[in-house]
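The values are calculated or read from the model by the stated rules, or taken from the named source; none is laboratory data. Owing to the predicted nature of the structure, the values given are computational and were not obtained by experimental measurement. Note: ideal-geometry Cβ built from the backbone for every residue, glycine included; neighbour counts use all protein chains shown. SASA here: full protein model, heavy atoms, side chains in, ligands and nucleic acids out. Shrake-Rupley method; radii C 1.70, N 1.55, O 1.52, S 1.80 Å.
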Amino acid sequence: GFARELGVQRLLARGVSPQVMAAVEIEEINVASSQARGAQLLFLIPWLALLGSVAGAISVAIDVTAGERERGSLEPLLMNPVEAGAVVFGKWAVVALCSGAVVVLTLIGFKTAMQFIRSENLSALMQFGLSEFALFIVMLLPFSAMIASLNMLAATYGRSHKEAQTYATYLAMLVNFTPIVPLFISIRDASWQLFVPAMAQQAVMMRGLRGVTISAIDILLPGGMAIAITGLALAAQARLLRNERIIFSR
């Protein structure tokens with residue numbers, strides 16, 4: 001810095017403009033669209049929406065499984081002339097509804113908060129319109145259904161509310177950390193990510209925020225995986241409820 005300052009002063013003393021030393025001027029220009037730049041600020045919305053689906057399901061899932069075992073109300077419920085699969089499906093419908101409701105309310109909250117941004121620069125970057133809102137709903141509702149079934153399956157193994165909460169916490173940790181794995185391995189929009197729940201939803205929603213074209217396979221494949229896992233989890237739980245060790249052990 002001293003050498004540069006001294007050189008400029010010597011040029012000025014001799015009546016030479018210091019700009020003759022800058023033969024080439026380099027200017028950095030960000031060629032990304034405003035929507036792509038805004039996605040860097042909006043990355044929290046998909047992540048928090050995924051966590052919202054877990055938060056909406058975990059307490060209800062524990063209450064209708066381990067909670068009923070702890071209260072002793074599961075035995076008389078299964079004494080009714082109803083198939084175990086029908087009982088599981090009814091419980092799952094309630095848990096999935098609560099999880100989906102939390103997701104929708106979370107997205108509505110973000111959409112409403114965007115209306116209160118006063119900075120023109122920020123409002124131009126942070127674009128979360130109806131198309132992004134609809135994409136998030138389509139991606140997250142099947143995920144909420146899957147999370148509801150997995151939480152119920154994990155909580156069924158718990159003999160008490162506290163034990164079931166421990167099992168469900170492990171599932172919440174997976175949903176918390178799986179979407180950010182690509183950040184550590186520096187991989188984005190890889191095709192194999194569509195097969196990994198939570199990671200697939202995060203990747204597709206981030207692509208929507210960046211304004212990248214979303215194909216039908218990007219929506220159908222993660223949704224199909226979520227629905228398939230939901231069916232397997234519900235079938236596994238229905239089988240567990242036919243096991244006397246699960247019903248009578250406390």
**Fill in**
Under the rule rounded for a/c under 1.5, else prolate if a/b exceeds b/c, else oblate, using alpha carbon gyration tensor axes a ≥ b ≥ c, segment 202-243 is classed as prolate
**Message:** Give me the one-decimal nm value for the distance between modelled label points at Ala238 and Ala86, 7 Å along each residue's Cα-to-Cβ direction.
**Reply:** 1.2
**Prompt:** Given the options Leu11, Leu74, Leu240, which has the most mean-square fluctuation in a GNM of the chain, springs set between C-alpha atoms less than 10 angstrom apart?
**Reply:** Leu11
**Asked** How far, in degrees from 0 to 90, does helix 2-13 lean away from the longest principal axis of the Cα atoms of the chain, to the nearest 10?
**Response** 40
**Request:** With a 1.4 Å probe and every protein chain left in place, work out the accessible area per residue of segment 131-200 in Å², rounded to a whole number.
**Result:** 48
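Go through 45-53, 150-158, 183-191 and give me the packing order, highest mean Cβ count within 10 Å leading. Each step should come with its number before you reach the end.
Working: 45-53: 22.4, 150-158: 24.6, 183-191: 10.1.
Result, highest mean Cβ count within 10 Å first: 150-158, 45-53, 183-191.
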**Kirkwood-Stokes translational diffusion coefficient of segment 152-214, alpha-carbon pairs, 25 °C, 0.890 mPa s, µm²/s** = 184
**Request:** On a 0 to 90° scale, report how tilted helix 44-64 is relative to the longest principal axis of the chain, with both axes built from alpha carbons and the result rounded to the nearest 10.
**Result:** 10
**Asked** Quick one: Kirkwood hydrodynamic radius for the chain, alpha-carbon pairs, angstrom, one decimal?
**Response** 21.1
**Range in the chain, longest, excluding exposed GluC sites (Glu not before Pro) [loop by DSSP; at most 16 other beta-carbon atoms within 10 Å]** = 84-250
**Request:** Please give the FRET efficiency for Tyr170 paired with Asn30, using the beta carbon to beta carbon distance and R0 = 51 Å, rounded to the nearest 0.05.
**Result:** 0.80
**Prompt:** So what's the back-of-envelope 222 nm ellipticity for the chain, counting only DSSP H runs of four-plus at -39500 (n - 2.57) apiece and dividing by all residues, rounded to 500?
**Reply:** -23000 deg cm²/dmol
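Using only alpha carbon pairs under 8 Å that are at least six residues apart, calculate the relative contact order of the chain and give it in whole percent.
On the way: 282 pairs, mean separation 72.4, N = 250.
Across the chain, relative contact order equals 29 percent.
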**Message:** With the crude spin-label approximation of a point 7 Å out along Cα→Cβ, what separation in nm comes out for Glu75 versus Ile137?
**Reply:** 4.5
**Asked** What's the carbon and sulfur percent of the chain's accessible surface, probe 1.4 angstrom, rounded to a whole number?
**Response** 65
**Message:** For a test of the definition: using alpha carbon positions, the gyration tensor, and the 1.5 limit on a/c, classify segment 83-222 as rounded, prolate or oblate.
**Reply:** prolate
**Request:** Report the dimensions of segment 174-250 along its three principal axes from the alpha-carbon atoms, largest first, rounded to Å.
**Result:** 53, 27, 18
**Of Asn243, Gln193, Val212, farthest towards positive along the dipole that unit charges on Lys, Arg, Asp, Glu beta carbons give segment 136-250** = Asn243
**Message:** Give me the one-decimal nm value for the distance between modelled label points at Ala13 and Leu130, 7 Å along each residue's Cα-to-Cβ direction.
**Reply:** 7.0
**Complete:** To the nearest 10 degrees, the tilt of helix 199-210 (Cα long axis) against the first principal axis of the alpha carbons of the chain is 40
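Cβ under 15 Å from Gly85's Cβ, Gly85 left aside: what net charge do those residues give with Lys, Arg +1 and Asp, Glu -1?
Values: positive: Lys91, Arg239, Arg242; negative: Glu83.
Neighbourhood net charge equals +2.
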